[in-house]
1. Note the direction-averaged projected area, equal to a quarter of the hull surface, for the Cα convex hull of the chain, in nm².
2. All other residues with a Cβ under 9 Å from the Cβ of Ala90 taken together, and with Lys, Arg as +1 and Asp, Glu as -1, what is their net charge?
3. Please compute the net charge surrounding Gln165, taking Lys and Arg as +1 and Asp and Glu as -1 over other residues with Cβ under 11 Å from its Cβ.
4. Considering the convex hull of the alpha carbon atoms of the stretch 104-220, report its projected area averaged over all viewing directions, in nm², one decimal.
5. What relative contact order, as a whole-number percentage, does the stretch 70-219 give when Cα pairs under 8 Å and 6 or more residues apart are counted?
6. Which log10 I(q)/I(0) values does the stretch 169-208 give at q = 0.15, 0.21 Å⁻¹ under the Debye formula, counting every alpha carbon as one identical point scatterer?
7. Which whole-Hz ³J(HN,Hα) couplings does the stretch 60-73 yield from phi under the Karplus relation 6.51 cos²θ - 1.76 cosθ + 1.60, θ = phi - 60°, glycine and proline marked x?
8. What value, in deg cm²/dmol to 500, does the helix sum -39500 (n - 2.57) over DSSP H runs of n ≥ 4 give at 222 nm once divided by the residues of the chain?
Amino acid sequence: MAKPRPDKHNVVPLGEQQSKQPRGEAVRVKLLDAAEALLLEQDAHQLRLDDVLADADVARNTLYKHFKDLETLAEEALLRGFARNVELDAQAISGALGRCKSKGDFRQAMTAITRATQSADRAARRMLRIKLLAMAGSRPALLERVAAVQADMTERLAHEFRAAQEKGYVRSDFPARTAALFIQSYTIGRVLLDIEPHTKKDETDWINLIDQVMDLALLS
């Protein structure tokens, strides 16, 4: 069976963690990793079972021990990918809160985090979120699951903003949940720039605008 292709979109491989997981769970994660990487490059209806099996190095009958069918695997992979960047951003904010000694330090850290969230390298991951939202629009059961994941992600970020408010790094006269939604909304909005012809200056102007809004609305 073909070896998995090198990952180009930062799908976290199992690596050393695989040996620490029960075998069944390790195989399930391999299938999700493979499907998620492929879905970063194509739509769900283009996903081919043979490609997933080849990239995961898993036999066909093994897949059906973990997922009802390819469509179910695709949904699970999209849901996992949907939350991935938000969790990474929440971890980055949490790390900044642990390191920063002043409001100025935290402002600089948030500027760096903004540049990471808006980077061209994350374009495929931003689009993956749009793909899942589009798919969920015609699938009520999936939409309900997406809504639950979205609520969890918003609360995850809000938790970090509440911690920042307690330290005096972020304004306390607005709900932390609003800040969490704001951060996610401008990252989704970046997709509009991703899909249209644009220059490096357009990207810089976009990030500078976010910096100014963040500084005035949240960090001042």
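Taken together, the values in this text are just the output of simple stated rules run on the coordinates, not laboratory data. This is a predicted model, so every value here is computed, not measured. Because the Cβ atoms are built from the backbone with ideal geometry, glycine has one as well, and the counts that use them run over all protein chains shown.
1. Directional mean of the projected Cα hull area for the chain stands at 13.7 nm².
2. So the environment of Ala90 carries a net charge of -2.
3. Residues close to Gln165 contribute a combined charge of 0.
4. It is 7.8 nm².
5. Worked out over the stretch 70-219, it gives 31 percent.
6. The Cα Debye sum returns log10 ratios of -0.49, -0.72.
7. Calculated HN-Hα couplings, in order: 4, 5, 5, 4, 6, 7, 10, 9, 4, 6, 5, 5, 5, 4 Hz.
8. -23500 deg cm²/dmol, from helical runs alone.
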